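Reading through the structure tokens given below for one structure.
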Amino acid sequence: MIYKKAPIVSLQGQPVLLFNEQTTLLNALESKAVDVFSECRSGFCGACKTKINSGEVSYIHEPLASLEEGECLPCCCKPQSDLDLDIPHGRLEESSKKAD
């Protein structure tokens, strides 16, 4: 049996989570209080578009929004390798402070 290492998701080089088969990258980020703007659940596709600094994702279903090279839609993808996203790490801290 071959075990695949769970991808580490980082924000601008700062590791924030180990992706263990959560439903989507967006759900995993939200579970760690990372502030990702999205309107996906309201029917507007493309609002969560995020730049990938390094790594690869695969899509659960075909994205409805157009993407440039090096972008992803966290609402409908999963990391296939360690992934570094261009989301400021400060957005994690700001979200955590709001919850307090």
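Quick notes
- When restricted to residues that are under 10 Å from Pro74 (Cα atoms) and either over 10 Å from the mean Cα position of the chain (by Cα) or surrounded by 15 or more Cβ atoms within 10 Å (Cβ to Cβ) (or both), the range 12-39 contains 7.
- Yes/no for Val9 being at pLDDT below 95, of a type in the set (Val, Ile, Thr) and under 11 Å from the mean Cα position of the chain (by Cα): no
- Lys51 vs. criteria surrounded by fewer than 18 Cβ atoms within 10 Å (Cβ to Cβ), modelled with pLDDT of 95 or more and either among the basic types (Lys, Arg) or in contact with a Gly (Cβ under 6 Å, 6 or more places away or on another chain) (or both): yes
- Any strands (runs of 3 or more DSSP E) falling wholly within the range 1-55 and containing at least 2 residues that are in contact (Cβ under 8 Å) with a residue 60 or more places away in the chain and within 14 Å of Asp82 (Cβ to Cβ): 8-11, 14-18
- Test: Ser95 is of a type in the set (S, T, N, Q), at pLDDT below 90 and in contact with an Asp or Glu (Cβ under 8 Å, 6 or more places away or on another chain): yes
The values are calculated or read from the model by the stated rules, or taken from the named source; none is laboratory data. In this text the structure is predicted, and so the values were computed from the model without any measurement. For neighbour counting, all protein chains shown are included, and Cβ atoms are generated from backbone atoms with ideal geometry for every residue, glycine included.
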